Amino acid sequence: MDGIVGLYGLDDKELMGKAFLATGACQHRGKASTGLAIGNQKGIYVHKGLGRIAGVIDHNIIRTFKDLEPVAAIGNIGYTKRRVAEKINTEPIEIYPKTGSNIKVVLTMDGYLIKEDDLRAELEPDYNLQTDNKTEIVGALLHKYITQEGIKFEAGEKLIDKLHGRATFALTALIHDGKEIYLIALNDAKAFEPFCYATINGTFVVSSESCSHRRLNGITEREYDGAEMTICSSGGNETKRLREEPMMPDIFQGVYYGNVASLFRGKEIFQLRRELGLELVDHYKTSQSDIVIPNPESGWGVTVGIAEGLKKHLYPAIIKLPQSVRTFQEGESQTRSQEVGLKFGGIDSLLGDQNVAMGDDSIVRGSVSEGGSVWVVYNAGAKFIEFWISFGPMFFPSFKEWHRVSA
């Protein structure tokens, strides 16, 4: 999971500032790395590093990039793809063909590619692959097809066909052909990854989430359907659907990853979560609880629905501490269980001697709840806890099953 953006505005003097804000609005989608790339008539320029956007993109970078008078930009908020984040794998990534090419490609991607060994072997004779990041494989394929077809929809169609059934992706790319800069946005045929766009004061803005558009005082025009591609150039912007089949958006990103104010397939994520809470009450009917509390932070929406349905008081009786450590990708269960206890603080005056209904949007491994929040609630004096979960355990990413039905 990454957050990606792309902007194209021929006469937009504030394009760099907008790219910073639109990318920063997706900070919740990753904290491992940040990168921005801008393009003008002369070429493409990239700056990236490990850490959050405020620590990687400073005022001097913004000013320098602004002075280059960019026409287009792409941005990435990187999720930790490995246990230890490595700068070489940060995005956006530039593609390096081995032989001379007038096509320059820099891209960033949200998604996943299953077992790229065969694709890497296919590309290595023609490309200097420099990272372990699967985005580079997708980018080299994009460069290959643009070289064959030109900066046209046919290149995107070839990429979609090549990766169908083995990859999820939403990508933004800057393409320079030696004469001008292009922005490309493209997603997979299942529309698995969230992706949406808007035109704000004449500038095209594509993002992983609609919160980027709101941050720029705009309104999302719509979310991408599957296999949709946008090409922005000095000749205008055009969007086209390249392949039509039933979509399979990743619902988990709607109930867990997203900004509560973002849209997911036409519905605000907060309301989606609230309705799941109401459905839980409709299913279970009764509760022994005196109060209802959320398992912060994403549990708020579901818990609002639970409290509303049960007609019980909702209290913020447990808080996520700002100095908490990040444990989502800690592989050792014992270490993870010990660390999650540092995440939360309970309010004794609200929890003491209470029957508590505790709501959350999902459960992945369970250790954050078992060793962290539930322990904190009991330690604060609760005498009984019900744990309400709106989204069950995930045993495998559903897209891995595509190849069985799409060959």
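Exactly one residue out of Thr220, Thr230 is crowded, with 18+ Cβ neighbours inside 10 Å, part of a loop (DSSP other than H, G, I, E, B) and among the β-branched types (Val, Ile, Thr): that is Thr220. Would you mind finding the one in Arg336, Arg326 that is part of a loop (DSSP other than H, G, I, E, B), at pLDDT below 95, among the basic types (Lys, Arg) and surrounded by fewer than 20 Cβ atoms within 10 Å (Cβ to Cβ)? On inspection, the qualifying residue turns out to be Arg326.
The residue list Gly35, Gly3 contains one member that is touching a Lys or Arg at 6+ places or on another chain (Cβ under 7 Å) and within 25 Å of Tyr145 (Cβ to Cβ), which is Gly35. In the stretch 379-407, of all residues being modelled with pLDDT of 90 or more and either in contact with a Gly (Cβ under 6 Å, 6 or more places away or on another chain) or of a type outside the set (A, V, I, L, M) (or both), the one that is surrounded by the most Cβ atoms within 10 Å (Cβ to Cβ) corresponds to Trp388.
Condition first: more than 18 Å from Cys26 (Cα to Cα), of a type outside the set (Val, Ile, Thr) and crowded, with 22+ Cβ neighbours inside 10 Å. Can you find one or more residues in the stretch 160-179 that meet it?
Yes: the stretch 160-179 contains one or more residues that are more than 18 Å from Cys26 (Cα to Cα), of a type outside the set (Val, Ile, Thr) and crowded, with 22+ Cβ neighbours inside 10 Å.
When Thr286 is tested against (1) in the same structural domain as Asp361 (by TED's automatic domain parsing); (2) in contact with a Phe, Trp or Tyr (Cβ under 9 Å, 6 or more places away or on another chain); (3) in a loop (DSSP other than H, G, I, E, B), just one condition goes unmet, and that condition is (2).
Pairing each residue of the stretch 286-303 that is touching a residue at least 24 places away in the same chain (Cβ under 8 Å) and within 29 Å of Gln253 (Cβ to Cβ) with any residue that is among the hydroxyl-bearing types (Ser, Thr, Tyr) and part of a helix (DSSP H, G or I), provided the two are 6+ apart or on different chains, yields C-beta distances under 8 Å for Val292/Thr303; Ile293/Thr303; Pro294/Thr303; Asn295/Thr303; Asn295/Ser369; Asn295/Ser373; Pro296/Ser373; Ser298/Tyr256.
Quick check on the stretch 192-199. Is at least one of its residues surrounded by 24 or more Cβ atoms within 10 Å (Cβ to Cβ) and in contact with a helix residue (DSSP H, G or I) (Cβ under 7 Å, 6 or more places away or on another chain)? For the stretch 192-199, residues surrounded by 24 or more Cβ atoms within 10 Å (Cβ to Cβ) and in contact with a helix residue (DSSP H, G or I) (Cβ under 7 Å, 6 or more places away or on another chain): present.
The values are calculated or read from the model by the stated rules, or taken from the named source; none is laboratory data. All values derive from a computational prediction rather than experimental measurement. Every residue, glycine among them, receives a Cβ derived from its backbone with ideal geometry; neighbour counts consider all protein chains shown.
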